[in-house]
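Undergrad: To start, I am sharing the structure in question, which I have written as structure tokens.
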Amino acid sequence: MDYPHYNPNSDHRPLDDDELEALDELLSVLPGAGAMNVELLDGYLTALLVAPRPLIDLPGADWLPVVWGGDDAAGGAAPFTSQKQRKRVTMLVLRHLHDIDTRLRQSPKDWQPVFSVASLDALGLADAAAGDDEDEPISDDLADAQDWCAGFLQAVELDPAGWGALFDDPALASALLPIAVLGSDSVLGETGDSEAGGTQASSDTEANHDPLADPIEVDRLSRAAAEVVLVLNQRRLA
């Protein structure tokens, strides 16, 4: 099937909350386990935009079907029930992609990734946080970007050589580490091999402790993952 190339000059029509929820629902009911949820999707699209290879050079057929786990090898509508449904999902994905791009280009400080968020009370950590003597205060809401980072790394897999150079860059390696730690288990697996260095980052971390077992540490890593996007965005706009 022919898919459109991404056009950064298209009209800016961001998805409203209902449309974003509808997109999440459309993807969630597809058969199989390959379709992304909206957090995975947001991380995936963000990585495509700040990737070493400009997205306008990447054919839509190379990255769009990844969102729903691939197309029917026989050329049918699967995993969708109809070509109309496929077109609707494609258009919603492209609009969300363009919204992320527009925000990162025009007002990067206002860009907000789609992370899971839970309150300290909901996690049963309010008392522990109140008694913490660390200089850096803990937010009332804790972010969890594990799904988002897993989606980000799915985009990394589309260009392992290009991204590998960034993960090997001394100026970026430590900044990219939170994304590898939060997302690599979901994407690469314990024995996975990535030129981007995600497996090595995960094994090095596990040698000391499991940061993913601590919601406060996950929050810290999640916020750091968002910060590196702004660094990568500056590189692509320079």
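Undergrad: Residue under question is ASP144, and the condition is that it be in contact (Cβ under 8 Å) with a residue 60 or more places away in the chain, over 10 Å from TYR44 (Cβ atoms), in contact with a strand residue (DSSP E or B) (Cβ under 9 Å, 6 or more places away or on another chain) and of a type in the set (D, E, K, R); does it hold?
TA: For ASP144, the condition - in contact (Cβ under 8 Å) with a residue 60 or more places away in the chain, over 10 Å from TYR44 (Cβ atoms), in contact with a strand residue (DSSP E or B) (Cβ under 9 Å, 6 or more places away or on another chain) and of a type in the set (D, E, K, R) - is met.
Undergrad: Taking only segment 56-79 into account, find how many residues are part of a helix (DSSP H, G or I) and surrounded by fewer than 16 Cβ atoms within 10 Å (Cβ to Cβ).
TA: Final tally of qualifying residues: 4.
Undergrad: I would also like to ask the following. Do any residues in segment 169-181 that are within 12 Å of ALA145 (Cβ to Cβ) have Cβ atoms under 9 Å from those of residues that are modelled with pLDDT of 95 or more and assigned to a loop (DSSP other than H, G, I, E, B), where the two are at least six apart or on different chains, and which pairs are they?
TA: Short answer, once both residue conditions are applied: PRO178/ALA145; ILE179/ALA145.
Undergrad: Residues in segment 80-93: is at least one within 22 Å of LEU45 (Cα to Cα) and part of a loop (DSSP other than H, G, I, E, B)?
TA: Yes, because at least one residue in segment 80-93 is within 22 Å of LEU45 (Cα to Cα) and part of a loop (DSSP other than H, G, I, E, B).
Undergrad: Kindly provide the set of residues from segment 212-233 that are of a type outside the set (Val, Ile, Thr) and touching a residue at least 60 places away in the same chain (Cβ under 8 Å), ordered by number.
TA: LEU212, PRO215, ASP219, LEU221, SER222, ARG223, ALA225, ALA226, LEU230, LEU232, ASN233
Undergrad: Just need a number here: residues in segment 25-46 that are in contact (Cβ under 8 Å) with a residue 40 or more places away in the chain and either of a type in the set (A, V, I, L, M, F, W, C) or loosely packed, with under 11 Cβ neighbours inside 10 Å (or both).
TA: Within segment 25-46, residues that are in contact (Cβ under 8 Å) with a residue 40 or more places away in the chain and either of a type in the set (A, V, I, L, M, F, W, C) or loosely packed, with under 11 Cβ neighbours inside 10 Å (or both) number 10.
Undergrad: Let me ask something additional. Does segment 114-123 contain any residue that is modelled with pLDDT of 95 or more and crowded, with 17+ Cβ neighbours inside 10 Å?
TA: Scanning segment 114-123 turns up at least one residue that is modelled with pLDDT of 95 or more and crowded, with 17+ Cβ neighbours inside 10 Å.
Undergrad: Name the pairs whose Cβ atoms lie under 6 Å apart, with the first residue in segment 1-24 and within 11 Å of LEU94 (Cα to Cα), the second of a type in the set (D, E, K, R) and modelled with pLDDT of 95 or more, and 6 or more positions between them or separate chains?
TA: PRO8/ASP101; ARG13/ARG95; PRO14/ASP99; LEU15/ARG95
The values are calculated or read from the model by the stated rules, or taken from the named source; none is laboratory data. Everything quoted here is computed from the prediction, not taken from an experiment. Reconstructed Cβ throughout: ideal geometry from the backbone, glycine too, with neighbour counts over all protein chains shown.
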